[in-house]
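Only the coordinates and a few stated rules stand behind these numbers; no lab work does. What you are looking at is a predicted structure, and each value in this text was computed from that prediction instead of being measured. For neighbour counting, all protein chains shown are included, and Cβ atoms are generated from backbone atoms with ideal geometry for every residue, glycine included.
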Amino acid sequence: MRLSARLTALVSAIALAATVLGGCVSTENVSEAEDQTTNRTYMAKANQIMDELASKLDQFDDAVSRGDTVTMKTQLENAMSSLDSLENLEAPEVLSDIKDMYVDGCSSLKEALESYVDLYTEIEASSGSFDFSTYEDRIAAIQESYNEGISKLEEADTAATELS
């Protein structure tokens with residue numbers, strides 16, 4: 001009898017341990033699922049902001065092509081809002097390096113967009129007396145900063161895709 005009582009107690013202890021371990025595994029799986037959901041949520045928000053930014057940059061580029069400094073300034077503010085949103089988006093720990101890449105890209109884009117507006121505002125304010133001998137070099141530097149920003153944002157997207 002004592003042996004069967006011990007056996008029953010042992011079986012009960014094993015069953016309890018299995019239940020506890022099963023609970024830990026479930027909790028671990030739940031935690032992993034929550035982490036994946038958090039990561040997906042961050043990337044979905046970042047993607048949404050990037051889509052908005054792309055639209056705003058198209059409108060900015062259109063204003064640049066027309067030399068419309070008023071619209072450039074408006075679109076600069078709109079683009080800056082998106083860039084700020086991307087920079088301020090809270091990233092999960094595992095995506096912190098990717099967020100840093102996004103922030104670097106945003107900084108380059110901000111610099112380029114502000115430089116575009118400054119250049120065209122300077123041209124407009126000069127009333128025809130702008131020294132165009134420096135124009136090509138300035139545009140090339142601005143375009144390089146712009147391309148660098150876009151490239152960094154694309155690198156961040158690629159890195160995020162590789163994590164999946």
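Quick look at the numbers
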item	result
Per-residue HN-Hα couplings for the range 34-45 [Karplus 6.51, -1.76, 1.60; θ = phi - 60°; Hz; x = Gly/Pro]	5, 4, 5, 5, 4, 5, 5, 4, 4, 5, 5, 5
Estimated translational D of the range 57-164 in µm²/s (Stokes, Kirkwood radius over Cα pairs; 4 °C; 1.567 mPa s)	87
Percent RCO, i.e. relative contact order, over the range 51-164, from Cα pairs under 8 Å lying at least 6 residues apart	30
Neighbour net charge for residue 66 - beta-carbon separation under 15 angstrom, K R +1, D E -1	-4
Ranked by how many other beta carbons lie within 10 Å on average, peptides 34-41, 62-69, 111-118 from highest	111-118, 62-69, 34-41
Net charge over other residues, Cβ less than 13 angstrom from the Cβ of residue 41 (K, R count +1; D, E count -1)	-1
Counted charge near residue 50, where neighbours are those whose Cβ lies closer than 14 Å (Asp, Glu -1; Lys, Arg +1)	-4
